[in-house]
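All of the numbers you see were taken from the coordinates with simple rules; none came from a lab. All figures in this text were calculated on a predicted structure; none of them were measured in a lab. Here the Cβ positions follow ideal geometry from the backbone for every residue, glycine too, while neighbour counts run over all protein chains shown.
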Amino acid sequence: MTAAPSTRPAETRPVLREMSFLDRWLPVWILVAMAAGLLLGRFVPALGAALESVTIGQVSLPIAVGLLVMMYPVLAKVRYDETARVTGDRRLMALSLLLNWVVGPAVMFTLGWLLLPDLPEYRTGLIIVGLARCIAMVLIWNDLACGDREAAAVLVAVNSVFQVLAFGLLGWFYLQVLPAWLGLPTTSAEFSVGAIVVSVLVFLGIPLLAGFLTRVLGERAKGRQWYEERFLPKIGPWALYGLLFTIVVLFALQGDAITSQPWDVARIALPLLCYFAVMFALGMLGSRAAGLDYARSTTVAFTAAGNNFELAIAVAIGTFGVTSGQALAGVVGPLIEVPVLVALVYVSVWLGPRLFRGDPTVPTR
């Protein structure tokens with residue numbers, strides 16, 4: 001299920017039938033992890049308080065640890081000496097910025113008002129989710145779908161910078177200014193810049209620095225061939241271990257809230273499903289129309305569809321309270337996002353040969 005990144009000759013990398021047992025059955029493990037977390041949260045109420053007893057910013061320490069373990073192997077795979085070719089691709093950069101910071105928030109705002117007109121708390125929570133652009137799990141989905149690793153690293157870094165600079169401004173625009181223009185009720189909210197900065201520094205800065213140093217020092221000591229053929233295969237599975245651990249902890253923290261309000265969860269899930277499908281389709285088809293290859297189109301699609309649920313939950317809890325409807329909407333985000341984006345990994349691999357005929361970056365199954 002892998003292919004060479006853009007502008008590089010094809011590499012010998014595993015195809016679907018040669019994937020490890022863990023990789024091959026990943027959707028099953030994710031569903032099991034989600035179910036385990038929900039059951040733990042529902043039937044072991046004290047577990048949530050224990051997991052939240054230590055936090056980084058407003059995010060549980062176990063979740064933070066899981067995310068760091070998940071992201072480090074992926075960022076250690078990035079060839080940082082090739083990121084210049086990504087920043088020089090104006091089509092890629094412009095399309096990604098447009099989808100992430102103009103189209104994405106607008107789509108979520110529209111879906112929120114169309115599908116949740118009678119539920120202002122949930123609607124506000126969804127809008128906050130739409131403003132929090134993905135800087136973490138997207139690296140896993142992109143890698144599984146054979147996207148361009150270097151492009152993903154650059155776009156995630158760009159999103160993190162924009163998140164610090166634009167999150168509060170966009171929140172003010174979509175919760176107060178635009179609704180007022182349209183004659184709709186407004187929502188007053190103050191976002192903590194500190195929470196956003198902590199989220200970016202912890203969930204991107206630490207694993208990015210660790211991955212970069214590992215790549216540079218590893219290649220300097222043993223060479224690129226040893227690093228990519230011997231070292232990376234040893235640390236690679238830890239990305240999925242971290243992913244599964246994070247899912248279990250996340251759903252254990254919120255299991256009671258999710259299972260005790262199934263109808264509300266269903267109402268929140270509908271616009272989220274629409275959002276992920278619309279953003280992924282716009283990213284993939286828009287990139288193809290712009291002349292990008294499969295690897296870069298996949299990266300644009302996943303970075304546009306994914307969201308930074310850690311930040312969205314932290315902001316919703318910090319602004320509206322842990323028991324608020326806004327917080328529940330943030331929690332439902334990954335409940336829907338994780339299985340949907342895993343499914344979109346397989347959609348990407350299936351679509352590749354059909355949309356990008358003759359493209360050397362298309363993966364073989």
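Details
- Residue ranges 116-127, 264-275, 136-147 sort as 136-147, 116-127, 264-275 when ordered by packing (mean number of other C-beta atoms within 10 Å per residue, highest first).
- Sorted by Cβ density within 10 Å, fewest first, the residues LYS77, LYS234: LYS234, LYS77
- The stretch between LEU217 and LEU61, if pulled fully straight at 0.36 nm per residue, gains 53.3 nm over its current Cα-Cα span.
- Among LEU253, LEU31, LEU328, the largest mean-square fluctuation in a Gaussian network model of the chain, built with springs joining Cα atoms closer than 10 Å, belongs to LEU31.
- Amide H within-cut-off set for ARG133, under 5 Å, with H built and near neighbours excluded: ASN308
- Between region 98-129 and region 249-289, the Cα center-to-center distance that results, in Å: 12 Å
- Modelled label positions at ASP81 and VAL28, each set 7 Å beyond Cα in the direction of Cβ, lie 4.1 nm from each other.
- Mean shadow area of region 52-181 over all directions, Cα convex hull, nm²: 9.9 nm²
- Positive-end ranking of LEU244, GLY223, THR303 along the dipole of the chain, with charges on Cβ about the Cα centre, is headed by GLY223.
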